[in-house]
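Worksheet: one structure, shown below.
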Amino acid sequence: SDHPEIQQQIYRKDDKLLSLLKDVYVESRDPPAQVKDRSGEHLPCKQEEKRLTKLGQLEELDVKRVPKGKISIVEALMLLNNHKLHPQIWTAEKIAAEYSLELNEVNSLLEFFIPFTVQEFPKETKKAI
C-alpha cells in the first residue's frame, strides 16, 4: 500500500498475456516411485498387476479390476459354483490358470468353501375335514 502505482500494475488486466495463457496446455506425469535397495541404488517401485474380472453378465454386481492373485467375492461364488456343478471341467488347475491364482490356494478354497444347496420340500396338502 506504500506504492499505489505498483498495486495498480499488479491488478491491471493484461489481455495479451491472458490470450497467451489460454493457449498453454500442461500435461504432467510423475516418474515412477523409486525404492532404495540395501546398496543404496534406486530401484523402480513394483507396480501391482491387475486383471479384469471374469463376470460376464454379472459385472455390474462387482468390482471391475482386481490384483493378480486375488479374486472378487462374485468371482469366488461363480468359480465355487462352477466347480460344484462341473468338477471334471472346472478343476483346481483350470481355476488357478483362469483366475491367476496359486494352485495350493485354489485347493484350499475348494476344500473349505463349499456352496450349499437349497432344497425345497413339497408342501403337505391338508384336506379339511
Inset, instruction - Identify the GluC sites (Glu not before Pro) of segment 80-129 meeting these criteria: DSSP loop state and at most 13 other C-beta atoms within 10 Å of the C-beta. - result: E102, E120, E124
Inset, instruction - Would you mind checking which residues have amide H under 5 Å from V66's amide H? H placed 1.01 Å from N; only 5 or more apart, or other chain. - result: R51, T53
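No lab work stands behind these numbers, since they all come straight from the coordinates. Computed from a predicted structure; not experimentally measured. Counting neighbours? That spans all protein chains shown, and the Cβs are built from the backbone with ideal geometry, glycine included.
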